[in-house]
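The values are calculated or read from the model by the stated rules, or taken from the named source; none is laboratory data. For clarity, every value in this text was computed on a predicted model and none was experimentally measured. Cβ placement follows ideal geometry from the backbone for every residue including glycine, while neighbour counts extend to all protein chains displayed.
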């Protein structure tokens with residue numbers, strides 16, 4: 001079945017309290033997707049953010065982002081007085097998230113909510129903590145220790161805590177009992193709201209597409225609690241770091257900085273840590289995009305003291321055996337492989353052997369720096385088993401691309417897409433992927449809204465100014481939903497029930513404002 005969806009980070013939704021949440025703004029967006037004939041909502045990773053505010057550098061592979069907890073829901077539940085957060089400063093620019101204000105104010109509200117939660121719903125909280133103890137206990141203690149250390153990375157903690165000496169951990173657990181309870185309670189609030197949101201999505205026939213970063217942050221509960229799973233030396237320091245090599249887009253490559261996996265030790269225990277990680281993701285999402293898929297076939301290792309990625313080298317990854325182990329333990333799952341960039345024949349074979357759909361990004365189709373590889377991103381070459389994008393969160397929105405790309409690339413795009421002189425260029429790009437044979441297409445919310453480079457979510461290998469974009473209130477209008485639904489009807493991407501209800505009276509090119517009832 002042909003499907004379509006929208007990439008919209010939860011943090012980018014419009015709400016009065018500084019950042020998008022799992023509350024009314026998420027419900028309204030789901031209703032927009034439903035009216036627009038969409039089947040999929042793609043979100044970025046929903047874990048806590050840390051230095052740099054990137055959801056791809058989280059202190060936990062399992063925890064939820066406290067900032068996404070809706071404060072109005074907490075007030076409705078009687079856990080906080082709304083006046084507490086209504087009088088706080090959440091910033092004066094509704095199009096941007098101010099993460100500094102989030103850090104300073106959000107936890108003050110959540111501390112009050114958790115204290116009341118412990119008083120009025122102790123049994124529910126205890127049941128959650130027991131059910132999730134396998135990851136939650138380490139995470140809550142990790143965060144309590146970080147707060148005690150004024151945010152210092154775990155690599156800077158006293159040696160007995162870095163090495164997880166049992167007596168030292170027991171003393172810390174007793175000393176930081178209140179803090180540990182706080183971080184557990186915050187996670188209870190997050191997952192209660194997330195599960196309610198997912199029920200709403202399913203009731204509207206919408207699947208949630210999540211995103212799993214391949215690597216984890218060095219300063220994370222994952223590495224602190226499971227150091228044997230990573231390439232660390234006797235002092236628990238990384239022996240090399242992750243990244244990707246120089247290419248036509250970056251002369252020095254990309255230095256991501258994450259520690260590398262100890263694949264040999266992971267293989268020895270059946271990739272148990274990975275099975276828990278991926279299995280947990282499917283408790284949250286219906287479809288999972290695995291970032292940097294090629295890193296499972298071979299990964300780029302950069303010396304730990306290197307200033308950039310230019311002196312790294314390739315190492316052999318676990319290959320298809322990893323995915324066979326996941327299938328054996330988890331069964332068949334709806335996985336999308338992020339296979340962008342230069343793919344060797346061995347990587348292409350691994351992708352084919354898994355059967356997972358890869359990704360096609362239309363903006364790449366016109367880039368003169370990749371004339372040979374760019375052909376695979378042109379819609380006439382798409383296989384059905386792929387997910388097609390105009391651009392991802394790492395790319396310029398289409399309006400910005402037309403403004404900033406090489407004029408020769410823009411001319412090629414206009415010629416390829418057969419855009420009339422006065423035709424909307426962004427909608428021309430979106431129509432190209434909707435019309436393609438790709439089973440699933442996903443467009444950025446910024447492209448639907450016609451926004452340019454100022455609304456870009458992330459520029460890789462830069463620090464600061466990323467992950468901040470938010471949609472303005474009222475941006476996702478009924479008129480926009482109707483326009484999208486008409487395009488879905490034209491390109492046979494409406495869900496079956498919506499197509500049946502669409503009606504024969506809708507003619508091609510109609511400007512009717514009829515809404516899609518389901």
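Can you pull out the residues in region 188-207 that are touching a strand residue (DSSP E or B) at 6+ places or on another chain (Cβ under 8 Å) and either at positive phi or not in a helix (DSSP H, G or I) (or both)? Let's see the steps before the verdict.
Narrowing region 188-207 to residues touching a strand residue (DSSP E or B) at 6+ places or on another chain (Cβ under 8 Å): 198, 201, 206-207.
Answer for region 188-207, where residues must be touching a strand residue (DSSP E or B) at 6+ places or on another chain (Cβ under 8 Å) and either at positive phi or not in a helix (DSSP H, G or I) (or both): 206, 207.
For residue 392, indicate whether it is more than 27 Å from residue 468 (Cα to Cα) and modelled with pLDDT of 95 or more. Answer is no for this residue. All of 67, 85 fail the test of being crowded, with 21+ Cβ neighbours inside 10 Å, closer than 14 Å to residue 189 by Cα and in contact with a helix residue (DSSP H, G or I) (Cβ under 7 Å, 6 or more places away or on another chain), apart from 67.
Among the residues of region 409-432, none qualifies, meaning not one is within 30 Å of residue 298 (Cα to Cα), at pLDDT 95 or above and in contact with a strand residue (DSSP E or B) (Cβ under 9 Å, 6 or more places away or on another chain).
Would you mention how many residues in region 327-350 are within 25 Å of residue 268 (Cα to Cα) and surrounded by 21 or more Cβ atoms within 10 Å (Cβ to Cβ)?
Number satisfying all stated conditions: 4.
Of all the residues in region 380-394, those that are outside any strand (DSSP E or B) and in contact with a strand residue (DSSP E or B) (Cβ under 7 Å, 6 or more places away or on another chain) number 5. Flag: residue 343 matches the condition of being modelled with pLDDT under 95 and either assigned to a strand (DSSP E or B) or over 23 Å from residue 480 (Cα atoms) (or both). Residue 375 passes every criterion in (1) outside any helix (DSSP H, G or I); (2) free of Cβ contacts under 8 Å to residues at least 12 places away in the same chain; (3) surrounded by fewer than 16 Cβ atoms within 10 Å (Cβ to Cβ) apart from (1).
Per the listing 154, 183, the residue uniquely closer than 20 Å to residue 232 by Cβ, crowded, with 20+ Cβ neighbours inside 10 Å and touching a helix residue (DSSP H, G or I) at 6+ places or on another chain (Cβ under 8 Å) is 154.
For the structure I just gave you, tell me whether residue 410 is part of a helix (DSSP H, G or I) and over 25 Å from residue 209 (Cα atoms).
yes
Looking across 478, 460, 495, one residue alone is more than 20 Å from the chain's Cα centre (by Cα) and modelled with pLDDT under 95. It is 495.
Please work out which residue is farthest from the chain's Cα centre (by Cα), limiting yourself to region 395-407 and to residues that are surrounded by fewer than 18 Cβ atoms within 10 Å (Cβ to Cβ) and outside any loop (DSSP other than H, G, I, E, B). Don't jump to the end; show me each part of the working.
Our first condition is that a residue be surrounded by fewer than 18 Cβ atoms within 10 Å (Cβ to Cβ); within region 395-407, this holds for 403-404, 406-407.
Subsequent filtering for residues that are outside any loop (DSSP other than H, G, I, E, B) retains 403-404, 407.
On the way: 403: 26, 404: 25, 407: 31 Å.
Across region 395-407, the extreme among qualifying residues is 407.
For the residues 75, 63, the requirement of being in a helix (DSSP H, G or I) and at pLDDT 95 or above singles out 75.
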